[in-house]
Amino acid sequence: MKKSTQLINWVRHPRYRFFKTSIVILVALIALYLVSQSINVIRMLKDPRSQTFVQWATGDSTDRAILVTVQRETCPGAPFILPTDGFIGLLYKDPRGPYSSRNPHQGIDIFSDTEAGITPVYAAYDGYVTREDGWRSTLIMRVPDDPLQPGRQIWLYYTHMADQQGNDFIEDAFAPGAREMFVEQGTLLGYTGDYNGNSARSVWVHLHFSVVLDDGNGRYTNELEFNNTLDPSPYLGMSLNYEEATAAVGCSSES
């Protein structure tokens, strides 16, 4: 109690009052943030789906194989194929990992049980591939007619197809600057990697795949903004929305 009184008197002292008050507010905000983050971590650890990450990270080849999804053909009633084989670890609208409930995951992350540059990435649907100048690990595909909402144009976003130094694993046909190159569903686009831009945070070998909205003028919107993306679940015929999925291991009709 005495210490609390001393702190209040210190804050109220006219000299540097604004500075002192700012420090107290800053400390309180940091404490609140740390508490909220701790609560999120505890909640995530209790989520059974998070245990699969532990299994993937620490398990042997048999343990990991159970988590791998291979879907080279479309699921019943769905238009897309899964663009690569692997463990679908982060789901759409996922708050885990580097994401949060305020800034959830915009697509799905499919982790490879191989080193970088080994696991193939295929076109999920027919479309027109573009690789912007400067894109080291990314392709985007224009789908002129959304198969689930005819008349609407959508885009398919594929990234992390390079090693940590930015050496790409993308097929030579899609060199930087390539535009509007038509490919059929199942066409080889490249291979999964672990490139994470200029971030100091390392990532496992994987493909990030998302369905992106058009801006209404024939251009893709910013994929980093969650509201610019669509739930890939109905396109792939899999339960891939974090708020609904218990596991993502195959076609919804088989799960």
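The values are calculated or read from the model by the stated rules, or taken from the named source; none is laboratory data. All of these numbers come straight from a predicted model, not from anything done at the bench. Reconstructed Cβ throughout: ideal geometry from the backbone, glycine too, with neighbour counts over all protein chains shown.
Taking the condition modelled with pLDDT of 95 or more and assigned to a loop (DSSP other than H, G, I, E, B), does ARG152 pass? Full working, then the answer.
Values: modelled with pLDDT of 95 or more: yes; assigned to a loop (DSSP other than H, G, I, E, B): yes.
Criteria met by ARG152.
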Check: Among the residues of the stretch 184-213, which ones are in contact with a Leu (Cβ under 7 Å, 6 or more places away or on another chain) and among the polar types (S, T, N, Q)?
Finding: THR192
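Quick one: would you say ALA123 is hydrophobic (A, V, I, L, M, F, W, C) and under 19 Å from the mean Cα position of the chain (by Cα)?
On the way: hydrophobic (A, V, I, L, M, F, W, C): yes; under 19 Å from the mean Cα position of the chain (by Cα): yes.
Here the answer is yes, as ALA123 does meet what is asked.
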Check: Is it true that GLN165 is under 29 Å from ASN241 (Cα atoms), in the same structural domain as ARG96 (by TED's automatic domain parsing) and outside any strand (DSSP E or B)?
Finding: no
Item checked: Residue selected from the stretch 150-199 under the condition touching a residue at least 40 places away in the same chain (Cβ under 8 Å) and among the hydroxyl-bearing types (Ser, Thr, Tyr), by the criterion farthest from THR119 (Cα to Cα) -> TYR157
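Could you please find all residues in the stretch 92-120 being of a type in the set (Asp, Glu) and over 17 Å from the mean Cα position of the chain (by Cα)? Quick ask: steps written out before the conclusion?
Here is the first cut: in the stretch 92-120, the residues of a type in the set (Asp, Glu) are 94, 109, 113, 115.
Correct list: ASP113, GLU115.
Here's the yes/no breakdown for (1) of a type outside the set (S, T, N, Q); (2) over 20 Å from ASP109 (Cα atoms):
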position	(1), (2)
THR130	no, yes
MET141	yes, no
LEU148	yes, yes
LEU156	yes, no
GLU171	yes, yes
MET181	yes, yes
GLN185	no, no
TRP204	yes, no
PHE226	yes, no
Note to self: Being in the same structural domain as GLY89 (by TED's automatic domain parsing), more than 20 Å from THR74 (Cα to Cα) and not in a loop (DSSP other than H, G, I, E, B) is true for just one of ALA200, ALA173. Which residue is that?
What the structure shows: ALA173
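Taking the options ASP85, ASP94, ASP133, name whichever one is at pLDDT 95 or above, within 23 Å of SER50 (Cβ to Cβ) and not small (Gly, Ala, Ser).
Values: ASP94 fails: at pLDDT 95 or above; ASP133 fails: within 23 Å of SER50 (Cβ to Cβ).
Of ASP85, ASP94, ASP133, the one residue that is at pLDDT 95 or above, within 23 Å of SER50 (Cβ to Cβ) and not small (Gly, Ala, Ser) is ASP85.
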Notebook entry, point to check: Mind checking which residues of the stretch 51-94 are surrounded by fewer than 21 Cβ atoms within 10 Å (Cβ to Cβ) and in a strand (DSSP E or B)?
Noted result: VAL68, THR69
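Quickly run through the stretch 222-241 and pick out the residues that are in contact (Cβ under 8 Å) with a residue 12 or more places away in the chain, touching a helix residue (DSSP H, G or I) at 6+ places or on another chain (Cβ under 8 Å) and either more than 22 Å from GLN71 (Cα to Cα) or not in a strand (DSSP E or B) (or both).
Of all residues in the stretch 222-241, those in contact (Cβ under 8 Å) with a residue 12 or more places away in the chain come to 223-226, 228-241.
Keeping just the survivors that are touching a helix residue (DSSP H, G or I) at 6+ places or on another chain (Cβ under 8 Å) gives 239-241.
Answer for the stretch 222-241, where residues must be in contact (Cβ under 8 Å) with a residue 12 or more places away in the chain, touching a helix residue (DSSP H, G or I) at 6+ places or on another chain (Cβ under 8 Å) and either more than 22 Å from GLN71 (Cα to Cα) or not in a strand (DSSP E or B) (or both): SER239, LEU240.
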Notebook entry, point to check: Among the listed residues TYR195, TYR158, which satisfies the condition of being assigned to a strand (DSSP E or B) and of a type in the set (Ser, Thr, Tyr)?
Noted result: TYR158
Next item on the list: Return yes when VAL129 is more than 23 Å from GLU244 (Cα to Cα), outside any loop (DSSP other than H, G, I, E, B) and in contact with a Pro (Cβ under 8 Å, 6 or more places away or on another chain) and no when it is not.
Entry: no
